2 protein chains.
Amino acid sequence: MVYAGQGDARRSMALLWRAPGSADVRTGPGPKPGLSVDMIVEAAIAIADAEGMAALSMRAVGERLGRTAMALYTYVPSKSELVDVMHDRVLAELPAGYDLEDGWRAALTSWARDTWAFYLRHPWVLQVSQARPVLGPNEYGMLETVVRILHETGLEAGVLRRVVGTLIHFVRGAAQTIAETRQAPKATGVSDEDWWYARSAVLMEVATDFAERFPMVTWLERQGAFRVQDETVPYLEQEAREVFEVGLAILFDGIEAAMARAAL
Amino acid sequence: MVYAGQGDARRSMALLWRAPGSADVRTGPGPKPGLSVDMIVEAAIAIADAEGMAALSMRAVGERLGRTAMALYTYVPSKSELVDVMHDRVLAELPAGYDLEDGWRAALTSWARDTWAFYLRHPWVLQVSQARPVLGPNEYGMLETVVRILHETGLEAGVLRRVVGTLIHFVRGAAQTIAETRQAPKATGVSDEDWWYARSAVLMEVATDFAERFPMVTWLERQGAFRVQDETVPYLEQEAREVFEVGLAILFDGIEAAMARAAL
DNA sequence: CACGTTAGTTTATGCCGTAAGGAGATTCAA
DNA sequence: TTGAATCTCCTTACGGCATAAACTAACGTG
């Protein structure tokens with residue numbers, strides 16, 4: 001888990017809220033800066049997107065920019081501050097103004113799908129701690145978007161805030177499973193098929209009393225619950241996708257129930 | 001993120017499914033083993049519980065047992081296999097046989113609370129990748145428990161499996177937020193109060209147009225949605241707790257809606 | 001032109017997982 | 001009883017990581 005930088009709060013916040021692309025034109029002695037915060041953040045995001053958080057090192061970012069790792073410290077106080085800025089920067093991709101004409105449920109469905117897709121585009125975001133929000137502009141933007149949609153439900157503010165939390169937990173959780181699934185073959189060097197084949201064979205040897213020990217799991221399996229329709233998509237990914245769709249429906253039904261209860 | 005070991009599947013599975021406490025009495029030449037897999041796993045869990053996953057190093061585990069890091073490699077093929085065994089071992093703590101007399105909703109509430117408490121006792125478990133399940137006995141035990149409760153709902157097997165996934169996403173997500181919150185002061189050396197005080201002060205300076213830019217968030221804040229009742233519990237933790245309770249209710253209402261729909 | 005400022009480098013420290021090889025203990029076969 | 005085989009555990013070493021400290025070289029200003 002990557003934690004938010006604890007350095008000088010003023011410097012961190014300035015880094016986050018500074019207008020993007022602001023050149024910070026410096027006049028005075030000394031050599032011209034060859035890099036910029038924007039360039040560094042961009043390079044770091046490219047690495048994290050392509051190779052995952054584990055591959056994101058100061059050396060790697062520096063190398064991608066033709067510099068050493070230490071050169072970055074002129075622009076960014078530490079790796080964790082860099083991650084903070086990366087995080088908020090990338091959140092800017094999230095759409096904001098969902099159409100509320102067809103009601104909150106349609107808008108929230110779009111929001112959930114977009115957010116889910118966003119996490120899959122930048123899976124490393126899921127490894128940034130949520131404990132201490134970065135308090136960057138785009139983080140607030142994301143919150144603003146959900147609250148605006150849910151405001152349509154007429155739910156009381158306190159409940160609404162908790163519903164927001166619930167939705168985010170769910171979307172993050174669902175995306176995390178897929179993200180980890182996709183990462184696993186690269187991280188371990190073993191394909192899903194090979195892994196499952198090797199494991200399940202040994203499982204049957206080693207757990208001979210499986211059916212008696214886990215009757216409900218066995219029942220589920222015999223009911224075909226672990227089969228998927230689309231054979232072209234990897235099994236674990238397909239499963240995660242289905243959980244996402246069913247989970248969304250359940251959550252929305254639950255929100256409707258809460259509205260009905262509040263209306264009494 | 002910690003990934004499952006990709007070593008020899010047979011050796012891994014044997015490690016997982018071996019009877020706990022099995023002494024593996026070895027006869028033959030060579031000195032008597034001074035350690036055992038169980039001792040190592042226990043020590044590693046103690047470290048992870050107390051100091052977090054980041055502090056779990058082979059050197060640290062060795063030191064706790066009065067050995068060097070390399071001594072562990074006689075018993076365990078690699079760190080990632082050790083983490084697998086730790087994971088499955090600790091899952092054994094989860095209660096299994098929930099009483100179904102008062103219906104699935106009561107049982108599932110108990111299950112969710114227990115699982116949530118479990119994750120907070122062992123927050124590092126949330127950092128073990130779910131992508132490739134360890135396939136250990138206790139992982140199946142956990143699945144068995146939830147399926148047994150949900151079987152009461154009469155939902156079709158395919159839907160049931162997805163509901164299980166949804167519930168686990170939610171509980172994990174909720175626990176993760178609290179776990180990270182608790183970890184943060186230790187990891188960064190800055191208390192929640194200090195952190196928030198420093199950040200929010202700068203936020204007001206730097207984002208002067210906050211109210212116009214984020215009207216719904218401002219509305220939520222003015223409605224008092226970010227206030228908590230119990231002043232003695234840290235704010236972020238209290239918030240996470242409330243999200244958990246409200247989220248559970250919403251999910252259960254959603255499950256009931258799915259049942260009603262299926263009954264038509 | 002000298003001076004202070006700054007970008008970027010090199011070098012070093014102390015972590016990490018783990019490969020390689022060796023020392024000493026222990027058991028068994030001859 | 002002794003030599004060989006086997007096993008535990010150690011030391012050493014390698015290549016990675018973030019980053020502290022000291023240095024070089026470029027540059028604008030007096």
What are the aspartates and glutamates whose alpha-carbon lies under 16 Å from the alpha-carbon of A:LYS32, with same-chain residues fewer than 8 places away excluded?
A:ASP24
Given a 10 angstrom Cα cut-off, can you work out which residue in B:VAL206, B:VAL41, B:VAL146 is the most mobile in a GNM of chain B?
B:VAL206
Sum -39500 (n - 2.57) across every DSSP H segment of at least 4 residues in chain B, then divide by the residue count to get the 222 nm mean residue ellipticity, nearest 500.
-20500 deg cm²/dmol
At 7 Å along Cα-to-Cβ for each site, give me the label-to-label distance between A:VAL233 and B:ALA262 in nm.
2.1 nm
List the distances, in nm and shortest first, from the label point of B:HIS151 to the matching label points in every other copy, placing each point 7 Å from Cα along the Cα-to-Cβ direction.
4.8
Applying a 10 Å radius around every beta-carbon, put B:43-54, A:167-178 in order of their mean neighbour count, most first.
A:167-178, B:43-54
Other copies of A:ALA96: label-to-label distances in nm, shortest first, labels 7 Å along the beta-carbon direction
5.4
Chains A and B: how much accessible area gets covered up at their contact, both sides added, probe 1.4 Å, in Å² to the nearest hundred?
8200 Å²
Just the accessible area per residue of chain B, please: how many Å² with a 1.4 Å probe?
46 Å²
Residue with peak Gaussian network fluctuation, chain A [Cα springs, cutoff 10 Å], from A:LEU100, A:LEU220, A:LEU35:
A:LEU220
Compute the length gained on full extension between B:LEU100 and B:GLU245: take 0.36 nm times their separation in residues and subtract their Cα-Cα distance, giving the result in nm to one decimal.
50.1 nm
Mean-square fluctuation check for chain A, GNM, Cα pairs under 10 Å: which of A:GLU180, A:GLU156, A:GLU221 is largest?
A:GLU221
Which FRET efficiency value, to the nearest 0.05, is calculated for B:TYR197 and A:MET204 with the Förster distance at 56 angstrom and r the Cβ-Cβ distance?
0.45
Between A:MET70 and A:GLU212, with labels modelled 7 Å along Cα→Cβ, what's the label distance in nm to one decimal, could you check?
6.7 nm
Would you mind giving the mean number of other chain beta-carbons within 10 Å of the Cβ of each residue in B:145-156, as a whole number?
2
When we measure straight from the Cα of A:LYS186, which lysines land under 28 angstrom away, once same-chain ones fewer than 8 places off are left out?
A:LYS79, B:LYS79
Under a point spin-label approximation (7 Å from Cα along Cα-to-Cβ), what is the B:ALA46-B:ARG222 distance to one decimal in nm?
5.6 nm
Copy-to-copy label separations for B:SER78, where each label sits 7 Å from Cα toward Cβ, in nm and ascending
3.0
Relative contact order (percent) for chain B, with alpha-carbon contacts under 8 angstrom and 6 or more residues of separation?
19 percent
Per-residue mean of C-beta atoms belonging to partner chains within 10 Å, peptide A:183-195
4
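The values are calculated or read from the model by the stated rules, or taken from the named source; none is laboratory data. Everything numeric in this text was worked out from a predicted model, so none of it was measured. Methodologically, a virtual Cβ is constructed for each residue, glycine included, from the backbone with ideal geometry; neighbour enumeration extends over all protein chains shown. Please note that ligands, DNA and RNA were not included when accessible areas were found on the heavy atoms of the full protein model with its side chains. Shrake-Rupley method; radii C 1.70, N 1.55, O 1.52, S 1.80 Å.
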